[in-house]
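Below: one structure, written as structure tokens.
Laboratory data are not the source of any read-out in this text; all were calculated from the coordinates shown. Everything quoted here is computed from the prediction, not taken from an experiment. Cβ sites come from the backbone with ideal geometry, for glycine too, and all protein chains shown count toward neighbours.
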Amino acid sequence: MKYWRGYLTAAILAAFTWVLIQMGQRYTTLVDMVYPYVTRAVQGFLTSWTGGFDFLVWQTAVVFLAIVLVATLVLVFIFRAKVIRWLGWAVAAIVAVVLLHTGLYGLNHYSGPIEDDLRMDMVDYTQSELEAATVFYRVQAMDLAEKISRDENGAPAFADFEALAQVTGDSYRTLSREWSFSIFGGDYTPVKKLGWAGLYSALGKTGVTVPLTGEAAVNPNIPDQGLPFAMAHEMAHRLCVARDDEANFSAFLACSVSDSIEYQYSGYFMAYRFCISALESVDAAAAERIAGDCSQLLLDDLDRYDRYFDENRDDQATRLVSSVTDTYAEATADEEVRYSSVCDYLVNWHIDQYVEEEEVEAKFDPFDETQVDLSGLVNAKPQEEPAE
């Protein structure tokens, strides 16, 4: 029996994890009312501690645990202990980490959709509305592409990583205070540089957020035009916006309200990429027509961004990571919750913020001479005071 204690412990911890997930799926209203605020406070506490280190605490912990794992396995062989016993406790340790992650952060996947917090009405849009939104984001990106700094080769040349990282918190603070989006309240400690950046480039990853240490980190090697957006995306995760497409939309909002021209360009650049990609899957001819009107600067920046990942991606490793993340997404998905793509949010935001404003009829004012002829009315204008 003693050889199976590790497996029994792992089974018990796995059962607790399953119960937490079931409770999150069943009591979504309660989760939405309480859990995000509690976890946001926990993330703020963890970030205030780990933010004092220049390096990533979780990466250091991974290295330490890997050394411990190898060392204990070596001791198992030296003392001729049972490998099956060692394996059981190793599995139990992994399951314990999963349980801790689920309790401290994972249930955010079952909170209400972000449109409720942003007071957005999500509607089913037409292809013409998708095309209109794509054109809008393209025009904004083209305009901003003319204004950003560039190097001698014409590539975007933004401020250094640390300077850019300082801006992200200001953007979310604006959304929280000036736009009254309380979902973006929290700790705004700057994101960190992601160690082993080459590995993450091979995996096609722009950043990683680890809730167990409250650290959001971004791959510093990605092209500059995508860097501010990636920073805003990872900070959104740390602010407990768990679902990936919601974090993408949050990143766009943060970039769009920023005072930094670099953040604005990164936000509209990525918004156009998302929308044109969605349009290609619906009507390739329409997407080609809209893309054909791009400025050369924007086309070059799109090509540089895509080429970076194409040249650095390891397809086998990417497929492996995708299978793991897809499995996690399926395990934590709630079938009763409607999930939207980032394009759905972007199109609806365009409709809500721009199209509907243009269609609102001017309010009738009977004293507005541009709307009514007031020349025949004696009291239409204030009478002049009689001269003394």
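For the stretch 99-235, I need the span (max minus min coordinate) of the C-alpha atoms along each principal axis, in Å, sorted largest to smallest.
That gives 49, 43, 31 Å along the principal axes, largest extent first.
What order do you get for 222, 12, 78, 21 when you list them from fewest to most C-beta neighbours inside 10 Å?
Details: 222 22, 12 13, 78 8, 21 18.
Going from sparsest to densest Cβ surroundings: 78, 12, 21, 222.
Contour minus end-to-end for residue 244 and residue 307, with contour as 0.36 nm per residue of separation and end-to-end as the Cα-Cα distance? Provide the component values of the computation, followed by the final result.
Values: separation 63, 0.36 × 63 = 22.68 nm, distance 2.30 nm.
In short, 20.4 nm is gained.
What translational diffusion coefficient, to the nearest whole µm²/s, does the stretch 211-291 have by Stokes-Einstein, given a Kirkwood radius computed over alpha-carbon pairs, a temperature of 20 °C and 1.002 mPa s viscosity? Walk me through the numbers on the way to the answer.
Details: Rh = 13.5 Å.
Answer from the Stokes-Einstein relation: 159 µm²/s.
With bins 20 Å wide starting at 0, give me the P(r) of the chain over every alpha carbon pair, in whole percents.
Final binned percentages: 23, 50, 20, 6, 1, 0.
To test your reading of the geometry: what angle, between 0 and 90 degrees and rounded to tens, separates the Cα axis of helix 244-256 from the longest principal axis of the chain?
Once rounded, the angle reads 40 degrees.
Taking R0 as 30 Å, what's the FRET efficiency between residue 317 and residue 212 from their Cβ-Cβ distance, rounded to 0.05?
Working: r = 23 Å, r/R0 = 0.77.
Efficiency, from the Cβ-Cβ distance: 0.80.
7 Å from Cα along Cα→Cβ at both residue 128 and residue 97: what's the point-to-point distance in nm?
Here the modelled spin labels are 5.3 nm apart.
Just subtract the alpha-carbon distance of residue 121 and residue 199 from 0.36 nm times their residue separation and send over the number in nm, one decimal.
On the way: separation 78, 0.36 × 78 = 28.08 nm, distance 3.99 nm.
Working it through step by step, the gained length comes to 24.1 nm.
Taking the Cα centre of the stretch 1-85 as the origin, how large is its charge dipole in debye, to the nearest 20, when only Lys and Arg (+1) and Asp and Glu (-1) carry charge on their Cβ atoms? Don't skip to the answer; put the middle values down first.
Values: 7 positive and 2 negative charges, 119 e Å.
With only Lys, Arg, Asp and Glu charged at Cβ, the dipole is about 580 debye.
Given the convex hull of the Cα atoms of the stretch 257-324, what is a quarter of its surface area in nm²?
On the way: hull surface 26.2 nm².
For the stretch 257-324, the mean projected area of the Cα convex hull comes to 6.6 nm².
With 10 angstrom as the radius, rank 170, 160, 344 by how many other C-beta atoms surround their C-beta, starting from the fewest. Display every interim value, and only then the final one.
Values: 170 15, 160 8, 344 21.
Arranged by neighbour count, lowest to highest, 170, 160, 344 become 160, 170, 344.
Compute the angle between helix 161-177 and the longest alpha-carbon principal axis of the chain, please, reported from 0 to 90 degrees and rounded to the nearest 10.
Relative to the chain, helix 161-177 is tipped by roughly 60 degrees.
Which of the chymotrypsin sites (Phe, Trp or Tyr not before Pro) found in the stretch 1-100 are in a DSSP loop and have at most 15 neighbouring Cβ atoms, other than their own, within 10 Å?
On the way: sites: 3, 4, 7, 16, 18, 27, 37, 45, 49, 53, 55, 58, 64, 77, 79, 86, 89; in loops: 27, 53, 55, 79.
Sites meeting the loop and neighbour criteria: 27, 53, 55, 79.
Which FRET efficiency value, to the nearest 0.05, is calculated for residue 83 and residue 353 with the Förster distance at 51 angstrom and r the Cβ-Cβ distance?
Details: r = 60 Å, r/R0 = 1.18.
So the FRET efficiency works out to roughly 0.25.
Okay, helix-only estimate at 222 nm for the chain: each DSSP H run of n ≥ 4 adds -39500 (n - 2.57), divide by all residues, round to 500 deg cm²/dmol; what do you get? Mind showing how you got there, number by number?
Numbers: 16 runs with 238 residues, N = 388.
About -20000 deg cm²/dmol.
Given the Cα-Cα distance of residue 281 and residue 221 and 0.36 nm per residue of separation, how much length would full extension add, in nm? Could the numbers behind the result be given before it?
Working: separation 60, 0.36 × 60 = 21.60 nm, distance 2.91 nm.
The span from residue 281 to residue 221 would gain 18.7 nm if fully extended.
Most exposed first by the Cβ proxy, i.e. fewest other Cβ within 10 Å, how do 224, 300, 293 rank? Kindly include the intermediate steps, with their values, before the conclusion.
Values: 224 23, 300 17, 293 11.
Fewest-to-most Cβ neighbours within 10 Å comes out as 293, 300, 224.
Calculate the FRET efficiency for residue 90 and residue 293 from the Cβ-Cβ distance with a Förster distance of 51 Å, rounded to the nearest 0.05. It would help to have the intermediate numbers written out before the result.
On the way: r = 56 Å, r/R0 = 1.11.
For R0 = 51 Å, the calculated efficiency reads 0.35.
How big is the Cα convex hull of the stretch 2-110 in projection, averaged over all directions, in nm²?
8.3
Treating the angle as unsigned and between 0 and 90°, give the value, to the nearest 10°, between the Cα long axis of helix 227-238 and the longest Cα principal axis of the chain.
Between helix and principal axis, roughly 70 degrees.
Along the Cα→Cβ direction, 7 angstrom out, place labels at residue 159 and residue 54. What is the inter-label distance in nm?
2.0
Suppose every Lys and Arg Cβ carries +1 and every Asp and Glu Cβ carries -1, with no other charges. What dipole size does the chain come out with about its Cα centre, to the nearest 20 debye?
3740
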